[in-house]
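The values are calculated or read from the model by the stated rules, or taken from the named source; none is laboratory data. All values derive from a computational prediction rather than experimental measurement. A quick note on method: Cβ atoms are made from the backbone with ideal geometry, for glycine too, and the neighbour counts reach across all protein chains shown.
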Amino acid sequence: MTKPILIVGGGPAGLAAAHALARVGQPSVLVEKEDRLGGAPILSGYAKLVPSGEWAKDAIGGMVDRVIKDPLVEVHTGARVDAIEREVDAHLEPIGHRVYAIVNYDHFELAPEVEEAYAAMVKGLVDRYYDGVSRYTTSGFLRAKLGSALRRRGVAPHVYESPQQALAHVRDA
């Protein structure tokens, strides 16, 4: 049996990832901190967001429906930092040895009120499970924000701009 892939964030990118994985027969676990899926377009009530001109709630609502109804996707909403940590623990503890990781922070939102708790959780995960972690996001703002939060916790703060850069440096971390 194929082990599920963890997807953190139930916004458009997380929904698309879960759907794409399910289409190729790969189970996934989608964890969203809010009480419902859809991300900022749904939670903030954006009107038109998608290039097709559809209303965001309709386009993203369809993505939510597909993911919720797919038996290969296990959805957890209302998750907070501790729930994310439990999910990562559940996947990495059984491995029994330290691993390298590449973390994709594209489309990731770090709310100011959970920034320190998130950085502390990441530090704990790094200490327990990882020989090295490489991170990336195309968002310059998030690279700066996340880097600062990780630096304050004594975690390697560099966040790369692309998955290729992150892969090239995963064993440097």
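Structure above, values below:
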{"quantity": "Test: I84 is among the β-branched types (V, I, T) and at pLDDT below 90", "calculated": "yes"}
{"quantity": "Output for region 17-29, where each listed residue is surrounded by 15 or more Cβ atoms within 10 Å (Cβ to Cβ) and either assigned to a helix (DSSP H, G or I) or modelled with pLDDT under 90 (or both)", "calculated": "A17, A18, H19, L21, A22, V29"}
{"quantity": "Single residue of E116, E161 found to be charged (D, E, K, R), touching a Ser or Thr at 6+ places or on another chain (Cβ under 9 Å) and farther than 28 Å from P94 by Cβ", "calculated": "E161"}
{"quantity": "Identity of the residue in region 162-173, over 16 Å from the mean Cα position of the chain (by Cα), in a helix (DSSP H, G or I) and of a type in the set (A, V, I, L, M, F, W, C), that ends up surrounded by the fewest Cβ atoms within 10 Å (Cβ to Cβ)", "calculated": "A168"}
